[in-house]
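Novice: Can you keep this structure in mind? I'll have questions shortly.
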Amino acid sequence: MFVPNVSCLMQRRERRLGGRPAPARLAMCAGQPRPADAAPTADLSAAARAASTDASAAASPTASPYPIAEEGARLLAWARQQGAETAALAIVRFPPSQLRGVVALEALPAGRPLVRLPARMALHTRSDSGHRACPLPSRFCSPAFWSTCPWWVRLALMVLFERFKEDAQKRKFLEAHILQRPLRIWERDRLTGASQPSQGDAPMRATWSHALPDAFDATPLHWNDDERAALQYAFLEQAVAEQQKQWDALYRRYLLSTFGSSSSSSSSSDHGRSSGGADWRAFTDRITRDEFYWALECARSRAFSGPCESTPFRDRVRLAAFSAALALSSWSFGWLQSDVALQAFLVLMLAQSAYDFLYPRILKHTQGIELRKYVIAPVIDMFNHTSAVQSDVRYEFFYDAFVLAVTNRGFAPGEQMFISYGPRSNDELLLTYGFVEEHNPHDKYTMVDADRGTLVVLEHDGTVRDRQRVIEQYGSVKALRRLLQSELDAKPTTVEQDEAHVAHSEREELARRFRLCKKRILRQALARLADDEMH
């Protein structure tokens with residue numbers, strides 16, 4: 001039986017960047033925002049709440065028509081303290097579901113920057129980071145695992161490390177049982193991967209970490225078999241099973257590589273043991289499966305990506321300043337003549353330019369890796385999605401900052417502000433983010449024909465992808481229509497029954513809306529094929 005590779009569904013799942021020199025594209029959908037995140041457990045002092053409210057009010061001329069999310073107010077106050085700039089906006093919770101999102105507090109025209117975030121505030125990794133030194137302590141992530149895991153696992157481990165640092169109990173456990181030493185100053189006071197330490201007395205603790213969701217219960221990975229069967233869609237059920245298998249294997253390999261006796265070369269076998277004989281189950285008390293899965297889902301659902309420069313602008317400036325100082329001092333002390341010192345400086349600058357030009361091309365030619373950057377950015381990750389808008393996250397090279405804007409429409413005061421996570425089908429939206437977008441122009445129906453070992457893909461409007469090839473495979477339009485009709489008839493419920501059904505839980509409602517979208521695609525495809533037969 002054909003089993004879909006979950007990497008196919010996840011391949012382009014990260015929100016993309018586009019533009020120059022390393023811009024980013026994000027997308028949102030006006031129809032169905034992502035589900036509400038769990039409220040933080042930390043208590044916020046009255047003084048902190050007042051400070052956050054004052055900071056929000058100072059930047060917003062109009063009061064929010066929805067309840068302000070306290071953790072969102074803290075996040076915005078912290079971000080502005082660290083140098084971020086935002087339009088007049090607020091992070092709120094929409095009743096009655098308590099869905100969290102962002103609203104405009106004044107009229108914001110299309111194309112106006114909504115958030116400008118210094119890159120040092122974000123967590124980021126690169127497609128070539130596996131060949132670079134691991135930025136995490138080796139007792140938290142072994143260099144061997146870091147060098148071989150996908151980008152989203154590296155980013156997840158960075159998020160998890162920050163989470164451990166910022167929770168008082170988890171931090172004690174981290175120092176006592178994982179690192180077996182106190183956190184060092186540079187580990188304690190700045191974001192992992194940041195180029196500068198946090199300013200003031202408000203690092204990530206009690207701000208961004210508390211604003212992250214506590215769980216991702218809406219994604220099918222956490223559903224039971226009956227709840228997944230209610231999707232009535234075999235392709236996604238198989239993809240979820242494949243995802244769970246892949247993530248379990250990553251979890252076992254992470255534990256064995258980092259905490260096992262043969263950390264540099266251990267790998268899990270069918271019996272869950274490393275080559276050195278360690279059992280991965282012996283280390284589950286250090287990083288639990290739930291913690292590992294939570295971090296992976298944070299990375300998969302909140303990251304965006306884009307082209308990456310070989311050398312950041314600030315590093316180039318530092319190198320140029322160092323080279324100039326070296327050349328000048330060599331001439332001043334008489335070590336080199338003025339013309340030789342100048343030539344040495346120019347050679348260094350040409351070498352840097354040659355490296356920046358050649359490195360991405362050599363990397364792609366020799367290893368097949370396109371140089372890209374993957375980013376999780378506070379505040380930017382608070383916006384919900386709709387396919388109805390066009391949004392852009394561009395990287396400002398000279399300012400080393402990420403800038404978010406919606407390019408095709410503006411927002412009225414009190415209106416929820418959406419971005420786009422990209423052209424995602426409902427398969428991807430539900431699997432990654434835990435929501436379904438009705439009338440999704442990027443949705444599709446994927447049907448596996450086990451007898452022929454082929455894949456039939458229907459677009460959102462019922463168009464058969466690669467129509468001519470598929471019809472040739474089945475011999476006639478009539479044969480293909482019979483196949484689709486049998487697929488629809490095999491569903492346990494009809495479109496009319498799903499439309500009338502009243503769900504009693506969030507997962508039941510998600511499954512109802514998901515299967516309803518899929519059945520409508522099948523109906524449209526059948527109607528199109530019937531018209532083709534008549535003509």
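Novice: Just need a number here: residues in region 327-350 that are of a type in the set (A, V, I, L, M), open to solvent by less than 80 Å² (accessible area, probe 1.4 Å) and without any contact (Cβ under 8 Å) to a residue 24 or more places away in the chain.
Specialist: Of all residues in region 327-350, those of a type in the set (A, V, I, L, M) come to 327-328, 336, 340-342, 344, 346-350.
Adding the requirement that they be open to solvent by less than 80 Å² (accessible area, probe 1.4 Å) leaves 327, 336, 340-341, 344, 348-349.
Cutting the leftovers down to without any contact (Cβ under 8 Å) to a residue 24 or more places away in the chain gives us 327, 336, 340-341, 344.
Going through region 327-350 one residue at a time, the tally reaches 5.
Novice: Within the set of pairs 6+ apart or on separate chains, which have a first residue in region 479-508 that is part of a loop (DSSP other than H, G, I, E, B), a second that is open to solvent by 60 Å² or more (accessible area, probe 1.4 Å) and of a type outside the set (D, E, K, R), and C-beta atoms under 9 Å apart?
Specialist: THR493/HIS501
Novice: Could you list, in sequence order, all residues of region 422-436 that are in contact with a Cys (Cβ under 7 Å, 6 or more places away or on another chain) and either part of a helix (DSSP H, G or I) or at pLDDT below 95 (or both)?
Specialist: ASN426
Novice: Return the residues of region 422-441 that are under 16 Å from the mean Cα position of the chain (by Cα), farther than 19 Å from ILE376 by Cβ and open to solvent by 10 Å² or more (accessible area, probe 1.4 Å); say none if nothing qualifies.
Specialist: PRO423
Novice: Please go through region 304-336 and pick out each residue that is under 31 Å from the mean Cα position of the chain (by Cα) and of a type in the set (A, V, I, L, M, F, W, C).
Specialist: Matches in region 304-336: PHE304, CYS308, PHE313, VAL317.
Novice: Restricting to region 276-320, what's the tally of residues that are open to solvent by less than 20 Å² (accessible area, probe 1.4 Å), in contact with a strand residue (DSSP E or B) (Cβ under 9 Å, 6 or more places away or on another chain), of a type outside the set (S, T, N, Q) and within 24 Å of GLN243 (Cα to Cα)?
Specialist: Total satisfying the criteria: 5.
Novice: Considering region 403-421 alone, what residues qualify as being under 25 Å from GLU509 (Cβ atoms), open to solvent by 10 Å² or more (accessible area, probe 1.4 Å) and either in a loop (DSSP other than H, G, I, E, B) or among the hydrophobic types (A, V, I, L, M, F, W, C) (or both)?
Specialist: Across region 403-421, the qualifying residues are GLU415, PHE418.
Novice: Now a separate question. Out of LEU510, LEU526, LEU522, I need the residue that is out of contact with any Lys or Arg (no Cβ under 9 Å at 6 or more places or on another chain) and either acidic (Asp, Glu) or surrounded by 12 or more Cβ atoms within 10 Å (Cβ to Cβ) (or both). Which one?
Specialist: Details: LEU526 fails: out of contact with any Lys or Arg (no Cβ under 9 Å at 6 or more places or on another chain); LEU522 fails: out of contact with any Lys or Arg (no Cβ under 9 Å at 6 or more places or on another chain).
Selected residue: LEU510, the only one of LEU510, LEU526, LEU522 that is out of contact with any Lys or Arg (no Cβ under 9 Å at 6 or more places or on another chain) and either acidic (Asp, Glu) or surrounded by 12 or more Cβ atoms within 10 Å (Cβ to Cβ) (or both).
The values are calculated or read from the model by the stated rules, or taken from the named source; none is laboratory data. Everything quoted here is computed from the prediction, not taken from an experiment. We place every Cβ from the backbone using ideal geometry, glycine too, and count neighbours over all the protein chains shown. Heavy atoms of the whole protein, side chains included, go into the accessibility calculation; ligands, DNA and RNA do not. Shrake-Rupley method; radii C 1.70, N 1.55, O 1.52, S 1.80 Å.
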